[in-house]
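A short worksheet on the structure shown next.
The values are calculated or read from the model by the stated rules, or taken from the named source; none is laboratory data. All of these numbers come straight from a predicted model, not from anything done at the bench. Counting neighbours? That spans all protein chains shown, and the Cβs are built from the backbone with ideal geometry, glycine included.
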């Protein structure tokens, strides 16, 4: 292991980051998308530094194959856009670049600055960028060209110890961005990380702040959870840490109000997780990553969503006061599912597709009502003709 140094204000050398080579981090480059490596190589050929960062590096070090690869660089968004013709700039406050390759989306961002805090929108250096990340296990930078991992904050040690450690002070991290609580609990549940007492306390203390987050941001985290292959474990962990009641209050009420519902609900999520973990190209649920759902076509969420709402639809169909008319039944069921997923703002088309899938697979639609028959009144009797009018005189055509 090598140490990268820099000179401090006094001119002395100070350790900056630990550098792990191939023999130390043992990342299998075969697990890295070729397109991600090509993006890093292209940026390097134009004189920029670039790294694979975040969850992809964490998963590679754990021996898992990531679905998403995020890349960070010192190139500005407009320059990235010029380098890659198959790309576009997104975002209003902090601009990112989506590079499209082999029917996948690769997010390329510029190093962020600390000049405006940990949620500001200024560009900076890698030294500042690492301090803005949420947890040490997500603050690792992988250079696939040199096959090196840069560790500024001890993330490799925390990963090996299965320890979730916050970078930003606990009195600020969740108040600046409450969504970090959901992500932290998800990381812990998926990877079996230990969560310290102080971090647990901070999550419970700030849990109610989730109510201030926009429905669209919560929906993005929801997509990632149900596409993770560990949705059952994550939802249970969110409940345990006191977050589910603010993220999905109706789901929370349902699983705590009915034991039968709870068991069936988590059984459905377990079935969903098995489907997403199937070998590639053998499951529709395996073909869509969370990034593609969020960034490209949100209708891809439909098959995932079907498993999540299945038990709610079954319970709804058993109610005695619902309409037996199929069109009205669909309308009422859709409204009930909307309420179940409040406050998430999910696409109507995706929700309707998921609902229809469950209704058909589980045969929950009521039988069509018999057609209404027109009531016939009493039969009218034909009037009888009088004898004298029964014979009609017809003129003889031969008479003139």
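Observations on the structure shown:
- Considering the stretch 127-140, and only residues there that are assigned to a loop (DSSP other than H, G, I, E, B) and modelled with pLDDT under 95, the residue that is nearest to residue 112 (Cα to Cα) turns out to be 132.
Per-residue answers, yes or no, for (1) free of Cβ contacts under 8 Å to residues at least 60 places away in the same chain; (2) at negative phi; (3) crowded, with 19+ Cβ neighbours inside 10 Å:
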| site | (1), (2), (3) |
| --- | --- |
| 173 | yes, yes, yes |
| 186 | yes, yes, yes |
| 202 | yes, yes, yes |
| 205 | yes, yes, no |
| 213 | yes, yes, no |
| 217 | yes, yes, no |
| 224 | no, yes, yes |
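- Restricting 188, 208 to residues that are under 23 Å from residue 231 (Cα atoms) and either at pLDDT below 95 or touching a strand residue (DSSP E or B) at 6+ places or on another chain (Cβ under 6 Å) (or both) narrows the list to 188.
- The criterion of being within 18 Å of the chain's Cα centre (by Cα), closer than 20 Å to residue 131 by Cα and free of Cβ contacts under 8 Å to residues at least 60 places away in the same chain does not hold for residue 163.
- With respect to being under 26 Å from residue 186 (Cα atoms) and buried (at least 19 other Cβ atoms within 10 Å of the Cβ), residue 150 fits the description.
- Out of 93, 81, sole residue that is farther than 22 Å from residue 57 by Cβ and touching a residue at least 24 places away in the same chain (Cβ under 8 Å): 93
- Meets criteria (crowded, with 18+ Cβ neighbours inside 10 Å and closer than 22 Å to residue 121 by Cα) for residue 71: yes
- Any chance residue 293 is assigned by TED's automatic domain parsing to the domain that holds residue 341 and at pLDDT 90 or above: no
- Residue within the stretch 236-253 that is more than 21 Å from the chain's Cα centre (by Cα) and loosely packed, with under 15 Cβ neighbours inside 10 Å present: yes
- Elements of the type helices (runs of 4 or more DSSP H) sitting completely within the stretch 12-112 and holding at least 2 residues that are closer than 25 Å to residue 135 by Cβ and in the same structural domain as residue 154 (by TED's automatic domain parsing): these cover 22-25, 34-45, 55-61.
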